[in-house]
1. Tally Lys and Arg at +1 and Asp and Glu at -1 over the other residues with C-beta under 13 Å from the C-beta of E102: what net charge comes out?
2. Say we join alpha carbon atoms closer than 10 Å with springs in a Gaussian network model of the chain; which of G190, G23, G227 then has the biggest fluctuation?
3. With a 10 Å cut-off between alpha carbons and a GNM built on the chain, which of R82, R142, R230 moves the most?
4. Taking the DSSP beta bridges in the chain as the whole, what percent of them are antiparallel, to the nearest 5?
5. Can you give me the P(r) profile for the range 100-172? Cα pairs, bins 10 angstrom wide beginning at 0, each as a whole percent.
6. Keeping every protein chain present and rolling a 1.4 Å probe, give me the accessible area per residue for the range 15-188 in Å².
7. Within 10 Å, count the other beta carbons around each residue, average over each peptide in 27-34, 117-124, 96-103, and list them highest first.
8. For V42, what is the net charge nearby, where nearby means another residue's Cβ is under 11 Å from its Cβ and Lys, Arg count +1, Asp, Glu -1?
Amino acid sequence: MDSNVQKRRENKKSLRVKVISLGNAEVGKSCIIKRYCEKRFVPKYLATIGIDYGVTKVQVRDREIKVNIFDMAGHPFFYEVRNEFYKDSQGVVLVYDVGLRESFDALDSWLGEMKQEMGSMVNMESIVFVVCANKVDLTKRRVVDEGVGRLWAESRGFHYFETSAQSGEGISEMFQAFFSSITDMCENGGKRPVAEVTVGFTKEQADTIRRIRNSKDSWDMLGVKPGATREEVNKAYRKLAVLLHPDKCVAPGSEDAFKAVVNARTSLLKNIK
Ligand SMILES: Nc1nc2c(ncn2[C@@H]2O[C@H](COP(=O)(O)OP(=O)(O)OP(=O)(O)O)[C@@H](O)[C@H]2O)c(=O)[nH]1
């Protein structure tokens, strides 16, 4: 075959993508990347200074993908270095440590930092996200359950994987799904494929369950002011009951949230004339 034709075909098939890793310091971002690219685990903590950069090649179906990986330092100190590297990312590996609640709670602020740095014009639908619930090998210190992590991720249309950079659990499956979705997205005109969202519940349901879990008392749970009337309590209750009723809502935790709402209403009505 004419070598130019051959070259053109190869060029058509190969793709260059940029991915970044995000998450608090010490959650295992660098180790996850090393486990995948170098098949090894580094037990000693060496903080990333600013950014680490690497390139790897992967094969997705008939395409060769050249992946530029920017491993971002999680420490707040490196914000000024990090913020330069968000733009033009097609994929984000969001990592938390299942043994550190604050690293899970910080995921929202990582998304916030990213949106802020990429500017208001950024279309988050054109970026593939994968959430890694990392260090699952340390079972005794686990504080963030799978249901909670999965709910956070899947309600946003993100992939969710339980991983251990130490044992290798979930790492290649996670990267395979990640690169395959990025390739689908590129072939789909830069839009995250809809089929990727597998959950049968809405973001509103997921956010409400999280809000109920974190509420400080029954008033707060129903979303009414202390001292609200019976009508106000009942109205708020009805709205939540419709949203979360286990017959209608399949989001993880909906049954417990629904029961909690029923109990909150009962206890408030007992004390309202
Ligand atoms: N047991 C266990 N330890 C892990 C795992 N992943 C990472 N570690 C350890 O956690 C520490 C931090 O890992 P890093 O990969 O350097 O963390 P990082 O998120 O890149 O941290 P920064 O570079 O500061 O943002 C190291 O001591 C790792 O050996 C894991 O899956 N299981």
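The values are calculated or read from the model by the stated rules, or taken from the named source; none is laboratory data. In this text the structure is predicted, and so the values were computed from the model without any measurement. Note that each Cβ is placed from the backbone with ideal geometry, even for glycine, and that neighbours are counted across all protein chains shown. Heavy atoms of the whole protein, side chains included, go into the accessibility calculation; ligands, DNA and RNA do not. Shrake-Rupley method; radii C 1.70, N 1.55, O 1.52, S 1.80 Å.
1. Value of the local net charge: -3.
2. G227
3. R230
4. In the chain, DSSP labels about 30 percent of beta bridges as antiparallel.
5. 17, 47, 28, 7, 0
6. With all protein chains present, the range 15-188 gives 46 Å² per residue.
7. Top of the packing list down: 27-34, 96-103, 117-124.
8. Net local charge, V42 excluded: +3.
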